[in-house]
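Values quoted throughout were computed directly from the atomic coordinates according to the rules given, and no laboratory measurement underlies them. Just so it is clear, the structure is predicted and the values come from calculations on it, not from any experiment. Virtual Cβ from ideal backbone geometry, glycine too; neighbours counted across all protein chains shown.
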Ligand code: 6R9
């Protein structure tokens with residue numbers, strides 16, 4: 001974020017109190033805060049009794065005797081899939097639609113809770129037939145089709161651990177995740193539809209599986225009907241195997257602390273971290289926040305979260321939270337602008353969506369396209385709007401509320417992370433007077449603060465680092481296979497407290513404003529990508545000697561990836577197409593989301609005397625700003641070399 005944007009943000013003083021009508025009907029009332037602060041653990045126990053169905057009650061709500069390794073609901077047993085599916089059928093809601101699925105080409109499916117129960121049971125039986133059991137890891141690499149949710153729930157049902165890999169990731173990214181988790185099975189599809197065209201997935205799986213000795217079988221959903229290469233020794237069609245299974249499956253109780261899933265996210269090194277989430281606490285906080293932050297009324301609302309299931313938002317707010325709450329939701333396969341820019345608003349109108357949860361990047365893109373496109377659709381069904389993934393600038397917040405929400409709906413800006421598992425800081429609609437641009441208050445049951453470099457809590461009106469000061473039910477339990485990295489990354493910077501990696505400020509009312517990452521993690525369209533990961537991809541190209549990557553502020557995507565590269569002498573000037581070649585190389589190594597917006601070929605990189613690249617100066621160049629202090633550079637003239645080279649080149 002630029003300094004200008006930051007000071008504008010902190011001068012934002014508009015406030016939107018909830019309407020009396022909304023407040024009167026809201027699930028969450030102000031007394032939740034009092035109840036939770038009076039006795040936090042008792043508060044979570046009450047939520048656990050009210051929101052989840054247990055086979056065995058816990059004997060201890062939180063075991064924090066060996067921090068930072070938490071155990072929640074110790075001794076408790078439940079089945080996550082039963083909680084998300086079967087119990088709603090048993091309660092008489094079998095005919096309620098769970099998922100209105102909308103394919104990009106315009107095909108659609110509606111799955112009721114009874115349908116979902118049958119599909120998940122069949123898939124669970126199929127996984128068992130393939131030899132997948134409790135504790136085994138299953139990689140899921142699927143487009144946004146119902147089978148994604150069905151596969152996740154089938155794993156949960158039998159106690160297998162899923163590792164969903166975003167379908168936009170490369171074969172290499174998939175391979176490294178399979179290897180780290182030692183997955184036994186991959187569930188994939190021939191492809192999915194993207195911008196009007198089938199986009200293949202199976203070839204990337206074939207490439208990854210060829211180098212993955214742990215994989216025994218590949219289960220393939222037919223979606224696009226593209227030609228696929230087939231290896232009978234391990235490839236199995238979903239429709240051959242799953243369709244012939246019994247639709248009855250008896251869900252066994254699993255331990256509250258059994259691992260539910262691993263989800264990889266970028267850290268400050270090149271190696272993604274496998275964030276490990278367990279069962280009961282995770283499900284509880286997903287369900288609790290989904291109910292209270294979005295004010296979900298399962299009988300009447302139609303909820304739509306536009307995320308992909310490949311990200312944590314899709315895990316907690318498409319699969320686990322909404323389904324645990326018995327919600328009716330929309331799931332959409334494709335892009336927002338196909339066949340035209342109004343596609344999302346057509347979907348809102350068609351299904352009468354009442355709760356919409358999306359990312360600031362999307363909102364800013366729509367804002368650029370103008371008010372007319374949403375203006376031509378009937379959006380009057382909307383009653384709550386949510387935002388997630390990156391700081392939302394006040395202008396985008398105001399536009400979202402005014403144009404999409406008809407100046408009527410509360411907007412909730414929800415801060416959380418893959419690691420936190422569920423929403424941590426957010427206004428409560430019906431309770432909080434919302435401030436555009438601020439996530440404001442930890443939700444009841446959560447304790448957060450802002451500290452300075454030395455770990456002292458900053459007074460109101462000051463900034464520093466966001467920390468979480470008490471364990472929470474949906475917290476990550478560790479990094480898969482790497483307890484040391486878990487401790488180092490999150491619990492060492494401020495001992496005893498969880499360091500989120502985000503800068504934050506408390507305003508004069510004590511409300512929290514998130515200011516973006518303070519580490520080498522970029523946030524591009526709400527996706528976390530580490531600078532080191534992109535740098536490693538670049539230097540793996542034979543023409544590149546060295547590279548440095550920064551996130552430069554971008555009006556639409558939040559940040560854009562800007563890479564500085566030094567070419568190898570043997571590569572000469574690299575040729576006219578070198579920049580394109582390198583951009584494509586990064587897309588191939590990591591995935592198209594990591595493609596640099598801009599690559600600058602430079603003769604040198606700015607380094608300190610100890611050899612550390614000064615990204616701050618590169619960010620100044622990337623954002624066309626006057627250079628900051630160059631005194632700590634080993635060679636202060638390097639910046640002249642860089643700017644001269646760039647002005648000649650352009
Ligand atoms: C859920 C999700 C987490 C990082 C986080 C922060 C940024 C997310 C935000 C936000 C400001 C919000 N972030 N929500 N920043 N306001 N409402 O996005 O998880 O992909 O792990 O990213 O995203 O920087 O640290 P994840």
Study note, to complete from the structure: If the label point sits 7 Å along Cα→Cβ of residue 207, residues of the range 541-555 with amide N under 15 Å come out as 541
**Study point:** Additional length obtainable on full extension of the chain from residue 457 to residue 609, 0.36 nm per residue less Cα span
**Key:** 51.4 nm
Point to revise | Cα gyration tensor category, rounded, prolate or oblate, for the range 51-145 with a/c compared to 1.5 | key: prolate
Revision key, fill the gap. Proxy exposure order for 625, 477 (fewest C-beta within 10 Å first) is 625, 477
Review point. Does the range 188-273 come out rounded, prolate or oblate by the C-alpha gyration tensor, with a ≥ b ≥ c the root eigenvalues, rounded set by a/c under 1.5 and, if not, prolate when a/b is larger than b/c and oblate if not?
Key: oblate
Review point. Quick one: Cα centre-to-centre distance for the range 257-331 and the range 541-616, in angstrom?
Key: 34
Check your understanding: If each residue's Cβ is checked for other Cβ atoms within 10 Å, how do 234, 277 rank with the fewest at the top?
Key -> 234, 277
Review point. What is the range 345-473 by shape, rounded, prolate or oblate, if you read a ≥ b ≥ c off the alpha carbon gyration tensor as root eigenvalues and call it rounded for a/c under 1.5, prolate for a/b larger than b/c, and oblate otherwise?
Key: prolate
Study note, to complete from the structure: If 85, 164, 74 are placed from fewest to most neighbouring beta carbons inside 10 Å, the sequence is 74, 164, 85
Check your understanding: Where does the chain land at 222 nm, in deg cm²/dmol rounded to the nearest 500, when only DSSP H runs of n ≥ 4 count, each adding -39500 (n - 2.57), divided by all residues?
Key -> -8000 deg cm²/dmol
